[in-house]
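Just below is one structure, and these are the notes that go with it.
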Amino acid sequence: MHNDAFLAFLYDAIMTAYFSIKGSAGARTLEGDIAIVGAKNAALKAIAASILYQTPLQLSNVPHIEDVSRMIDILREMGGVATFEDHKVSIDMRKLSTTAITPEIAKRLRASIVLTGPILAREGKVQFPHPGGCVIGERPIDLFIESFLKMGATIKHVGKFYDITAPKDGLRGADIFFRVASVTGTETFMMTAILANGTTTIRNAAMEPEIVWLAEMLNASGAKIEGAGTSTITIKGIRGKLSQKGKPFAVVPDRIEAGSFLVLGAIAAKRLTLTHVVPEHLGSLIEMLEYSGIPVERTKDTLTVRAPKKGTVLRSFNVRTHEYPGFPTDLQAPLMIYLTQTKGESLVFETIFEGRLNYTESLNRMGASITMMDPHRVLVKGPTKLNGKRLESPDLRAGLAFVMAAAIASGESEIHNVYNIDRGYERVEERLRAVGMRITRVSGE
Ligand code: EPU
């Protein structure tokens, strides 16, 4: 087959693949252990941080997911040399062949916004397009623009592009206050400030564990960051770039993957144990499950849920998504499936992203009773039996939630757009099949 034809064939096969899932009709059939992989939202930022290094950067425990491959491809297109095998990444960004993030790149991976600061700090300029909305709502970048200005940059708006230039002698340390605690904003400016002159303070910083891990990695490489994990982070600029010493940095375990599987265990397992987790990172979810009637056993690095005693009635509860350590928006869709199985009414208030509740319509088609009050709030009435259906995965988190709903539904479901699920979960069907889920990946015709 001609190369282009082969690529088109491959693309079709990937885009039309779907998961076929035979549901358990409410029975708790899953049993076994799942090892949690490194966090997508930590790995992506660590890979971007390679721009700040004067040595190649080595990472381990990197998840084999689409988004990570995309980030690596983007950096390769920008002049980097990288390998990604067996959960290990080696990336050498000593040569950077461009300072422009094309619209094509920005569309492929929204997280590419974290590249802007490191490129600007290192090269003195960066160009990038204004990002559009996405399925989980508008994703504004006003905090990025204002913070670049505070660091002394000048910004030209050319058509849909931002053309940003640092002062001749480099970016200046600044006092930055985020009106909204932004995860990628905090990470971007924590990285940018390393190569700036003087000290930068980020107030109302996001406090997610991935940020703490990133700061530890950067500090081990010569950065001077204090306060990561609190709402005030101080970064002293260093003169020169970072260098890695010693063994590869192991990416922190993915608390969202762990949380999603924990909820799956709570509705569908006789026993499910998650290994390689940091239980403290899931405090809010564990608290909710225990309140509702699902005890969660913890060790230093495992979590186990078991089927509750026969006749246990699971209590409903209200949920409000919040920055860490509150309940994460990325677990809102998985938890929704749990709430459809609890007795009574639950109000779910998605405070972070508008549009991140639209998928609930599909759950109603499966038999759930979820009423949209406004774009940020739904009322769930339970318990409801679910029926298998053909569903389209709108984004990775709702996609995984559909897999979970299908696992306890009656009959068979097809989950399409699995590509979206592959963006954030590694070989999910293999790992779920190993604990007893009847799930297969059907490649497209
Ligand atoms: N915001 C602004 N202005 C900005 C930036 C953000 O108003 O300049 C607002 C957003 O609209 C939102 C709030 O700030 O209402 C918080 O958004 P944040 O910036 O924290 O989100 P993000 O950094 O774009 C990361 C994760 C998301 C996760 C959120 C919230 C990555 C690559 N993405 O996004 O992960 O939902 O934090 O925890 O780290 C996912 O993995 O499925 C995912 C979407």
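Just so you know, all these numbers are worked out from the coordinates, no wet-lab data involved. Here the structure is a predicted model, which means the values were calculated and not measured. Positions of Cβ are generated from backbone atoms using ideal geometry, with glycine treated the same way; all protein chains shown enter the neighbour counts.
Phi-derived couplings, Karplus 6.51 cos²θ - 1.76 cosθ + 1.60 at θ = phi - 60°, listed residue by residue for segment 353-366: 10, 6, x, 8, 10, 4, 5, 5, 4, 5, 5, 5, 4, 7 Hz, with x used for Gly and Pro. Between Arg203 and Asp73, the C-beta separation translates, for a Förster distance of 35 Å, into a calculated FRET efficiency of about 0.50.
For segment 90-164, give the magnitude of the charge dipole about the Cα centre (Cβ charges: +1 Lys/Arg, -1 Asp/Glu; no others), in debye to the nearest 20. Numbers along the way, then the final one.
Values: 11 positive and 7 negative charges, 33 e Å.
Magnitude of the dipole: close to 160 debye.
In this rough spin-label picture, where each label sits 7 Å from Cα along the Cβ direction, the Asp374-Glu123 distance is 4.3 nm. If you take the beta carbon distance between Ala27 and Thr154 as r and set R0 to 56 Å, what does 1/(1 + (r/R0)^6) give as a FRET efficiency, to the nearest 0.05? So the FRET efficiency works out to roughly 0.35. Residue-wise HN-Hα couplings along segment 118-129, as the Karplus relation 6.51 cos²θ - 1.76 cosθ + 1.60 with θ = phi - 60° gives them from phi, are x, 5, 4, 5, 7, 9, x, 7, 7, 10, 8, x Hz; Gly and Pro carry x. Ordered by residue, what ³J(HN,Hα) values in Hz, to whole numbers, does segment 177-184 give under the Karplus form 6.51 cos²θ - 1.76 cosθ + 1.60, where θ = phi - 60° and Gly and Pro are x? My calculation for segment 177-184 gives 10, 7, 4, 10, 5, 10, 5, 5 Hz in order. In this structure the amide hydrogen of Arg320, modeled in the peptide plane, comes within under 5 Å of the amide hydrogens of Phe349, none closer than 5 places in sequence on its chain.
Compared with the dominant principal axis of the Cα atoms in the chain, helix 209-220 is inclined by about 30°. Farthest towards the positive end of the charge dipole of segment 323-445, among the residues Ser369, Leu400, Ile352, is the Cα of Ser369, using unit charges on the Cβ of Lys, Arg, Asp and Glu. Ordering Tyr324, Tyr419, Tyr359, Tyr338 by the number of other Cβ atoms within 10 Å of each residue's own Cβ, fewest first, gives Tyr419, Tyr324, Tyr359, Tyr338. If the segment from Lys107 to Ala35 were pulled out straight at 0.36 nm per residue, it would be longer than the present Cα-Cα gap by 22.8 nm. Between segment 268-321 and segment 164-199, what's the alpha-carbon centroid distance in Å? Taking the Cα centre of segment 164-199 as reference, the centre of segment 268-321 is 39 Å away. Placing unit charges on each Cβ (+1 for Lys and Arg, -1 for Asp and Glu) gives segment 181-272 a dipole about its Cα centre, and among Ile267, Asn197, Ser231 the Cα reaching farthest toward its positive end belongs to Asn197. Of the residues Lys310, Lys224, Lys247, the one with the fewest other Cβ atoms within 10 Å heads the list, and the complete ranking is Lys310, Lys247, Lys224.
Using only Cα atoms, find the angle between the long axis of helix 3-16 and the longest principal axis of the chain, and express it within 0 to 90 degrees, rounded to the nearest 10. Once rounded, the angle reads 50 degrees.
Size estimate for the chain follows the Kirkwood approach: the inverse of mean 1/r over distinct Cα pairs works out to 22.7 Å.
Could you work out the helix-only [θ] at 222 nm for the chain, with each DSSP H run of four or more residues adding -39,500 (n - 2.57) and the total divided by the number of residues, to the nearest 500 deg cm²/dmol? Can you show the working numbers first?
Values: 15 runs with 145 residues, N = 445.
Helix-only estimate at 222 nm: -9500 deg cm²/dmol.
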